[in-house]
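Please read the structure below before turning to the comments.
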Amino acid sequence: MAREKDIRPFGMRDKLGYLFGDFGNDFTFILSAMVLMKFYTDVVGISAGAVGTIMMLARFVDAFTDVTMGRLCDRSRAVAGVGKFRPWIRRMCVPVAAASFLMYQSGISRLPYAARVAYLLITYILWGSVFYTAINIPYGSMASALSAEPDERQSLSTYRSMGASLAGAVIGVLLPVFAYEKVDGVETLIGPRVTLIAGIFSLLAVIAYLACYYLTTERVIPEQTDAPQRQQSVIEMFRSALGNRALLSIVAASVVMLLAQLTMQNMGGYIYPDYYNNASAQSVSTLLMMGSMLLAAALTRPLAARFGKAEIAAAANLFAGLVSAATYIIKPGSVWVFVALQTLGWLGLGMFSMVSWALITDVIDHSELVSGAREDGAIYAMYSFARKLGQAAAAGTTGWLLTAIGYASGSAIGQSPQVLRGIFAIATLVPALGFLLLAAVLWWWYPLHRRQVEENVARLKEKREKE
């Protein structure tokens, strides 16, 4: 690996810049997790099952776009003074924001049903499978280029998670307050307001991405050669991944984590306005979630240093799973008791979120030692694809289960008691399952626990000194 000379040292500027990157990502990603399904069921009038199926189908497209983008990153040459990954942030920030805005056009509700479904399919793939992929994979891969030091990468993981939490707080607080209105006593999502909010968030996403671009500096640049190198095919990459226990297990962990996280976020648009008839409680829940993430950020680094990243994440998610299961059993009649219990669940999830991006850099390091080649972009692409599988699992599960319990599109008409009980069950039992599976994967399957990571760091340091 070559490092540029006379370059400023890693510091707070890079951390803040990396924070802004996920701040930009999640102005579109968290918005889709929180309101896209609700928007298309209650405003556009598409069945929850159809929305969930479209979201899941889009993930099959990602199997090719994610890996292709990762390979493109690995093959691309570093731009002098800029790096390999940062140029993609600047190129794609406007397209991804514009595609997100297109998904929330309330006027399409007047189109024929088939045209509405087609519009969702096209705009969702354009946003998630094309432009979001083209900016998120370079952004994620960039962490290993900003610094080669494990502690500094851990700080990047923490700041990235804080960026996501900040975006989640902004969206989670403002969206329920401004997007809902009581119609005949029932909390109702107002389509034109969602369109306006989506436009504002798209502009904020562009600003955040540009802050990421200008504040960060790539320091670790692979040696470039003019010699032709054979590139693995997509099939070969998946076959190679099957023999990589570290990568496979972190892929599984990502899928079940997002199943839990996104089901909680997706169902927030149903359990608060429909089950509790109190959309504003979602704003309070989001603020408390932000508090949980801040607490997780404060606790994670010292605990990870003492016990290991995977170890503390497994314990935290075991706790979160038990809290979610207890919530289902208790069935609190007060929305505020439910909010308090969800806050505890977010604390457990936050511990994994704070270390998740550092875990993937551990996997990249481990894979380099095993194979002899460093493929940041390709491995991150596999991980990104796994995260989208988790998105698909959450969207498909949520949509199909809502259809199965008889959810009627259009919140203004209200829901039957049986449907409301089903909404509560989906909002608590599916996250509980995801949290418990995540804890099991990290504890029994994922191999890069504290001792192995320390050995890998020492071996790589020795390897770098010899080069």
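Taking the stated definitions as given, is Ala297 assigned to a helix (DSSP H, G or I), open to solvent by less than 10 Å² (accessible area, probe 1.4 Å) and hydrophobic (A, V, I, L, M, F, W, C)?
Values: assigned to a helix (DSSP H, G or I): yes; open to solvent by less than 10 Å² (accessible area, probe 1.4 Å): no; hydrophobic (A, V, I, L, M, F, W, C): yes.
So Ala297 does not fit the description; no.
State whether the residues of the stretch 152-172 include one that is in a helix (DSSP H, G or I) and more than 21 Å from Asn25 (Cβ to Cβ).
Within the stretch 152-172, the first condition is being in a helix (DSSP H, G or I), and the residues that meet it are 152-172.
Next, from what is left, pick out any that are more than 21 Å from Asn25 (Cβ to Cβ): none.
Scanning the stretch 152-172, I find no residue that is in a helix (DSSP H, G or I) and more than 21 Å from Asn25 (Cβ to Cβ), so the answer is no.
Quick one: which of Phe39, Phe64, Phe60 is of a type in the set (Phe, Trp, Tyr), in contact (Cβ under 8 Å) with a residue 12 or more places away in the chain, open to solvent by 10 Å² or more (accessible area, probe 1.4 Å) and part of a helix (DSSP H, G or I)? Break it down into steps so the answer makes sense when it comes.
Details: Phe39 fails: open to solvent by 10 Å² or more (accessible area, probe 1.4 Å); Phe60 fails: in contact (Cβ under 8 Å) with a residue 12 or more places away in the chain.
Sole residue among the options that is of a type in the set (Phe, Trp, Tyr), in contact (Cβ under 8 Å) with a residue 12 or more places away in the chain, open to solvent by 10 Å² or more (accessible area, probe 1.4 Å) and part of a helix (DSSP H, G or I): Phe64.
Mind checking which residues of the stretch 76-101 are buried (at least 19 other Cβ atoms within 10 Å of the Cβ) and not polar (S, T, N, Q)? If you could, list the steps in order and put the result at the bottom.
Narrowing the stretch 76-101 to residues buried (at least 19 other Cβ atoms within 10 Å of the Cβ): 83-86, 88-89, 92-93, 96-97, 99-101.
Selection gives Gly83, Lys84, Phe85, Arg86, Trp88, Ile89, Met92, Cys93, Val96, Ala97, Ala99, Phe101.
Kindly establish whether Val457 is touching a residue at least 12 places away in the same chain (Cβ under 8 Å) and either surrounded by fewer than 19 Cβ atoms within 10 Å (Cβ to Cβ) or not in a helix (DSSP H, G or I) (or both). Don't jump to the end; show me each part of the working.
On the way: touching a residue at least 12 places away in the same chain (Cβ under 8 Å): yes; either surrounded by fewer than 19 Cβ atoms within 10 Å (Cβ to Cβ) or not in a helix (DSSP H, G or I) (or both): yes.
The answer is yes for Val457.
Please verify whether Ala315 is part of a helix (DSSP H, G or I), in contact with a Phe, Trp or Tyr (Cβ under 9 Å, 6 or more places away or on another chain) and either crowded, with 19+ Cβ neighbours inside 10 Å or on the phi > 0 side of the Ramachandran plot (or both), treating the condition exactly as stated. Let's see the steps before the verdict.
Values: part of a helix (DSSP H, G or I): yes; in contact with a Phe, Trp or Tyr (Cβ under 9 Å, 6 or more places away or on another chain): yes; either crowded, with 19+ Cβ neighbours inside 10 Å or on the phi > 0 side of the Ramachandran plot (or both): no.
So Ala315 fails the test.
Name every residue in the stretch 71-126 that is touching a helix residue (DSSP H, G or I) at 6+ places or on another chain (Cβ under 6 Å), in a helix (DSSP H, G or I), touching a residue at least 24 places away in the same chain (Cβ under 8 Å) and among the hydroxyl-bearing types (Ser, Thr, Tyr), in order of residue number.
Selection gives Ser100, Ser106, Thr123, Tyr124.
If you check Leu389 against the conditions, is it open to solvent by 10 Å² or more (accessible area, probe 1.4 Å), on the phi < 0 side of the Ramachandran plot, touching a residue at least 12 places away in the same chain (Cβ under 8 Å) and in a helix (DSSP H, G or I)? Break it down into steps so the answer makes sense when it comes.
Values: open to solvent by 10 Å² or more (accessible area, probe 1.4 Å): yes; on the phi < 0 side of the Ramachandran plot: yes; touching a residue at least 12 places away in the same chain (Cβ under 8 Å): yes; in a helix (DSSP H, G or I): yes.
The answer is yes for Leu389.
Hey, could you check the stretch 420-455 for residues that are modelled with pLDDT of 90 or more and of a type in the set (Val, Ile, Thr) and say which is farthest from Leu262 (Cα to Cα)?
That would be Val441.
Just name the residue that is most open to solvent (accessible area, probe 1.4 Å) out of those in the stretch 1-28 that are within 22 Å of Ala164 (Cα to Cα) and either of a type in the set (Gly, Ala, Ser) or at pLDDT below 90 (or both). Write out each step before concluding.
Within the stretch 1-28, the subset within 22 Å of Ala164 (Cα to Cα) is 10-28.
Next, from what is left, pick out any that are either of a type in the set (Gly, Ala, Ser) or at pLDDT below 90 (or both): 10-11, 17, 21, 24.
On the way: Phe10: 40, Gly11: 21, Gly17: 0, Gly21: 0, Gly24: 0 Å².
Only one residue tops the list, namely Phe10.
So Val370 fits all but one of (1) hydrophobic (A, V, I, L, M, F, W, C); (2) within 30 Å of Val67 (Cβ to Cβ); (3) crowded, with 24+ Cβ neighbours inside 10 Å; what number is the exception?
The single condition Val370 does not satisfy is (3).
Being touching a Phe, Trp or Tyr at 6+ places or on another chain (Cβ under 9 Å), under 21 Å from Val441 (Cα atoms) and open to solvent by less than 60 Å² (accessible area, probe 1.4 Å) narrows it down to one residue among Ala304, Ala279, Ala246; which is it?
Values: Ala304 fails: touching a Phe, Trp or Tyr at 6+ places or on another chain (Cβ under 9 Å); Ala279 fails: under 21 Å from Val441 (Cα atoms).
Answer to the selection: Ala246.
The values are calculated or read from the model by the stated rules, or taken from the named source; none is laboratory data. Remember, predicted model here, so these are calculated numbers, not experimental data. Note that we place each Cβ from the backbone using ideal geometry, even for glycine, and neighbour counts take in every protein chain shown. Note: areas computed on protein heavy atoms with side chains; ligands, DNA, RNA excluded. Shrake-Rupley method; radii C 1.70, N 1.55, O 1.52, S 1.80 Å.
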